[in-house]
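What follows is calculated from the coordinates using simple rules that are stated; it is not laboratory data. Worth saying up front: this structure is predicted, and the values here are computed from it rather than measured. Every residue, glycine as well, gets a Cβ built from its backbone with ideal geometry; the counts of neighbours run over all protein chains shown.
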Amino acid sequence: MGEGVTWQEVDLSRDPAAGERYRIRATPTVVVLDREGKVRKTLVGVPDREELRKAIMEAAGG
């Protein structure tokens, strides 16, 4: 895990369009996208390590 993964933080007060685009209603929210930019998983709150790993692996097709 981690190879080829990009982490990007978005400040919704500076980029409210990102919240609209990804339907973010609460913070923190983690949105996991696949390589084409399609939303594969939305995790509201702080995910635990295993939950995040699983979401990334599924988005990567693994």
Exercise. State, as an integer percentage, the relative contact order of the chain based on alpha-carbon contacts under 8 Å between residues 6 or more apart.
Key: 27 percent
Self-check item: Residues Glu58, Glu9, Glu50 arranged by fewest to most Cβ contacts within 10 Å
Solution: Glu9, Glu50, Glu58
Practice problem: Sum -39500 (n - 2.57) across every DSSP H segment of at least 4 residues in the chain, then divide by the residue count to get the 222 nm mean residue ellipticity, nearest 500. | Solution: -7500 deg cm²/dmol
Self-check item: Zero-based 5 Å bins, Cα pair distances in the chain, whole percents
Solution: 4, 16, 30, 26, 16, 7, 1
Quiz item: Given the options Glu51, Glu36, Glu20, which has the most mean-square fluctuation in a GNM of the chain, springs set between C-alpha atoms less than 10 angstrom apart?
Solution: Glu36
Quiz item: How far is helix 49-59 tilted off the main Cα axis of the chain, in degrees rounded to 10, range 0 to 90?
Solution: 80 degrees
Quiz item: Taking springs between alpha-carbon atoms closer than 10 angstrom, which of Gly19, Gly37, Gly45 fluctuates most in the Gaussian network model of the chain?
Solution: Gly37
